[in-house]
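Colleague: Before we start, here is the structure in question, set down as structure tokens.
Every read-out reported here was derived from the displayed coordinates using simple, explicitly stated rules and does not represent laboratory data. Because the structure is a prediction, the values reported are computed rather than measured. Note that each Cβ is placed from the backbone with ideal geometry, even for glycine, and that neighbours are counted across all protein chains shown.
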Amino acid sequence: MKYDLIIFDLDGTLLNTIGDLAASVDYVMRSRSLPEHTDEEYRRMVGGGIKRLVERALPRHLAEDEAYVEECVWEFRRYYVDNIDRYTVPYEGIPELLHDLREAGIAVAVASNKFQHGTERLISKFFSDVDFIAVEGNREGAPLKPDPQVVEGIIARAAVDKARVIMVGDSGIDIRTAHSAGIDVVGVAWGFRYAEELYEAGAERVVAHIEELRDILLKED
């Protein structure tokens with residue numbers, strides 16, 4: 001195989017989580033008599049972690065109030081943890097692809113900006129039979145993507161050559177992360193962003209269908 005390790009983003013790449021993210025932010029907005037947003041609007045807000053999502057959803061004058069934002073983040077977390085998988089589902093063909101990669105002897109990992117507990121919980125629920133070499137989310141001491149630290153840590157743990165690693169993600173953040181880490185990357189257009197953003201971030205390859213991704217990841221060297 002051309003690759004020994006595949007590092008996946010989570011939200012918008014492996015799982016369609018927008019319904020639960022949107023419902024959780026809307027819960028916070030309603031509790032504070034603030035305007036809610038559509039799923040399409042939330043698609044443009046996600047990608048930088050919970051705090052950035054909340055900041056983007058709030059009216060500007062409130063988003064600039066650090067204490068207010070932290071209160072909203074806490075409220076979001078409390079609701080989201082209890083409702084994290086009400087609407088979330090894997091994208092079509094993803095479970096089968098993960099199994100095929102493992103059967104081919106290719107290691108798989110997750111690098112997400114979602115908080116660690118939420119990342120682990122979703123992986124455990126939807127991909128409990130997949131042997132991931134690492135499941136990394138946002139936690140204290142670990143910078144968010146596009147900082148490459150988490151990705152580089154996964155590569156070190158796997159003990160593989162960077163030339164044989166590829167990252168898969170749905171946002172410009174994932175593309176920039178891979179470039180900073182010095183590894184290959186492919187963007188997916190079925191997630192929360194659009195192909196234009198991925199190309200603008202420097203992606204050379206963007207796929208719209210799972211079979212296109214399969215051909216890239218299972219390509220023989």
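Colleague: From the gyration tensor of the Cα coordinates in region 18-82, what semi-axes in whole Å does the equivalent ellipsoid have, largest first, with each one equal to sqrt(5λ)?
Modeller: For region 18-82, the semi-axes come out at 15, 13, 11 Å.
Colleague: Now for a different question. Scattering from the C-alpha atoms of the chain alone, worked out with Debye: what is log10 I(q)/I(0) at q = 0.09, 0.12, 0.14 1/Å?
Modeller: Taken in order of the listed q values, log10 I(q)/I(0) reads -0.34, -0.61, -0.83.
Colleague: Given labels modelled 7 Å from the Cα in the Cβ direction, how far is it in nm from K125 to R157?
Modeller: 2.2 nm
Colleague: Right, here's the next one. R0 = 25 Å: FRET efficiency of H61 with D85, Cβ-based, nearest 0.05?
Modeller: Efficiency at R0 = 25 Å is approximately 0.15.
Colleague: Follow-up question, since we're still on this one. If Lys and Arg each add +1 and Asp and Glu each add -1, what is the summed charge of the other residues whose beta carbon sits under 13 Å from the beta carbon of W190?
Modeller: Summing Lys and Arg as +1 and Asp and Glu as -1 gives -4.
Colleague: With the cut-off at 1.5 for a/c, could you classify region 133-221 from its C-alpha gyration tensor as rounded, prolate or oblate?
Modeller: oblate
Colleague: Using a cut-off of 13 Å between beta-carbons, work out the net charge of the residues near A178 (Lys and Arg +1, Asp and Glu -1, A178 not included).
Modeller: -3
Colleague: On to the next question. Restricting to the chain, compute how many DSSP beta bridges are antiparallel as a %, nearest 5.
Modeller: If I count the DSSP bridges inside the chain, around 10 percent turn out antiparallel.
Colleague: Ordered by residue, what ³J(HN,Hα) values in Hz, to whole numbers, does region 97-109 give under the Karplus form 6.51 cos²θ - 1.76 cosθ + 1.60, where θ = phi - 60° and Gly and Pro are x?
Modeller: 5, 4, 5, 5, 5, 5, 5, 7, x, 8, 6, 10, 8
Colleague: Rank-order 41-52, 26-37, 184-195 by packing density, defined as the average count of other C-beta atoms within 10 Å over each peptide's residues, highest first.
Modeller: Sorting 41-52, 26-37, 184-195 by mean packing, highest first, produces 184-195, 41-52, 26-37.
Colleague: Let me ask something additional. Which whole-Hz couplings ³J(HN,Hα) result when phi for each residue of region 131-137 is put into the Karplus expression 6.51 cos²θ - 1.76 cosθ + 1.60, θ = phi - 60°, listed in order with x for Gly and Pro?
Modeller: Calculated HN-Hα couplings, in order: 8, 7, 6, 7, 10, 10, x Hz.
Colleague: Considering amide H positions built from the backbone, and no H for Pro or chain starts, which residues 5 or more places from R205, or on another chain, come under 5 Å of its amide H?
Modeller: Here G187 satisfy the definition.
Colleague: Treating the Cα atoms of region 77-122 as identical point scatterers in vacuum, please give the log10 of the normalised Debye intensity I(q)/I(0) at q = 0.16, 0.20, 0.24 Å⁻¹, two decimals.
Modeller: -0.59, -0.81, -0.98
Colleague: What 222 nm value per residue comes from the helices of the chain, counting each DSSP H run with n ≥ 4 as -39,500 (n - 2.57) and dividing by all residues, nearest 500 deg cm²/dmol?
Modeller: Counting only the DSSP helices, I get -13500 deg cm²/dmol.
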